[in-house]
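The values are calculated or read from the model by the stated rules, or taken from the named source; none is laboratory data. Being a predicted model, the structure only gives us computed values, none of them experimental. Every residue, glycine as well, gets a Cβ built from its backbone with ideal geometry; the counts of neighbours run over all protein chains shown.
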């Protein structure tokens, strides 16, 4: 499942993260670490706090308490642009892609490259091809209109777009939801390639099968609190479901270095 977490650098560290919406405690004193070459799955039942945690990492929400560190340094992420500047990219469930544009234009939407005579389309297409190849994508061409792609291929475009900003951490919010089995397998390959590229990946999912197939470690949230940390090499779906439902808890192994 990739390089041992103990042997690589911590890219992202959340310590004591708390977030409330009025009287509702969405997150309470939550810790999370993600290292280079590591896929960390975050699982939990509905309203467990998964999406809130992802949005805090991506700068969509600000925590009420706690510390966010990137590369060992405390950071403030007041908005997604600030998070991207710090090397954090997120793929939301709605993907935010444009059907009327081709793959290259979607990858560079809002951050088009410019040359001496305007848009540098040739350079953007060259980079798009390189990024798609790095993910082992099956997209036929960087100039294929998005409307001609399958749901799995669209997810690949959304994942590839994160690499344009040369991130350190990528957050994926339910990337395999509503996909067929072959499309899911394709997306999981892309997630593995992100890890192979040295990134840290936060993988939010309801699918225990997908989690055990691709993650190195699983962090369970229950009612907005840490409720177990599991090594996927030594755990099972039953253990994860037990932690999600409150039947059992695995000890935390958070090590701030």
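Taking the stated definitions as given, is residue 28 surrounded by fewer than 21 Cβ atoms within 10 Å (Cβ to Cβ) and outside any loop (DSSP other than H, G, I, E, B)?
Here the answer is yes, as residue 28 does meet what is asked.
Pairs under 6 Å by beta carbon, first residue on the phi > 0 side of the Ramachandran plot in the stretch 50-66, partner assigned to a helix (DSSP H, G or I), six or more apart or different chains?
Filtered contacts from the stretch 50-66: 59/80; 59/82; 59/83.
Give just the number: which of (1) under 17 Å from residue 223 (Cβ atoms); (2) in contact with a strand residue (DSSP E or B) (Cβ under 7 Å, 6 or more places away or on another chain) does residue 25 not satisfy?
The one condition residue 25 does not meet is (2).
Over 20 Å from residue 195 (Cβ atoms), touching a strand residue (DSSP E or B) at 6+ places or on another chain (Cβ under 8 Å) and crowded, with 19+ Cβ neighbours inside 10 Å: does that describe residue 68?
In short, yes.
Within the stretch 126-136, identify whether any single residue is surrounded by 15 or more Cβ atoms within 10 Å (Cβ to Cβ), assigned to a helix (DSSP H, G or I) and more than 21 Å from the chain's Cα centre (by Cα), and answer yes or no.
Yes: one or more hits.
Hey, residue 110 hits all of (1) within 21 Å of residue 185 (Cα to Cα); (2) in a loop (DSSP other than H, G, I, E, B) but one; which does it fall short on?
Of everything listed in (1) within 21 Å of residue 185 (Cα to Cα); (2) in a loop (DSSP other than H, G, I, E, B), residue 110 misses just condition (1).
So which residues in the stretch 56-83 are at pLDDT 95 or above, over 22 Å from residue 214 (Cβ atoms) and part of a helix (DSSP H, G or I), if there are any at all?
Listed by number, the residues that qualify are 56, 82, 83.
Could you identify the single residue in 191, 187, 129 that is closer than 24 Å to residue 216 by Cβ and at pLDDT 95 or above?
Result of the check over 191, 187, 129: 191.
So is residue 30 under 18 Å from residue 172 (Cβ atoms) and touching a helix residue (DSSP H, G or I) at 6+ places or on another chain (Cβ under 9 Å) or not?
It is false that residue 30 is under 18 Å from residue 172 (Cβ atoms) and touching a helix residue (DSSP H, G or I) at 6+ places or on another chain (Cβ under 9 Å).
Suppose we filter 18, 3 for residues that are out of contact with any helix residue (DSSP H, G or I) (no Cβ under 8 Å at 6 or more places or on another chain), over 21 Å from residue 174 (Cα atoms), surrounded by 15 or more Cβ atoms within 10 Å (Cβ to Cβ) and at pLDDT 95 or above; which single one remains?
18
Looking at (1) crowded, with 20+ Cβ neighbours inside 10 Å; (2) in a loop (DSSP other than H, G, I, E, B); (3) within 17 Å of the chain's Cα centre (by Cα), can you tell me which one residue 93 breaks?
Single failed check for residue 93: (1).
For the stretch 69-84, which residues satisfy the criterion of being in contact (Cβ under 8 Å) with a residue 24 or more places away in the chain and farther than 15 Å from residue 9 by Cα?
83, 84
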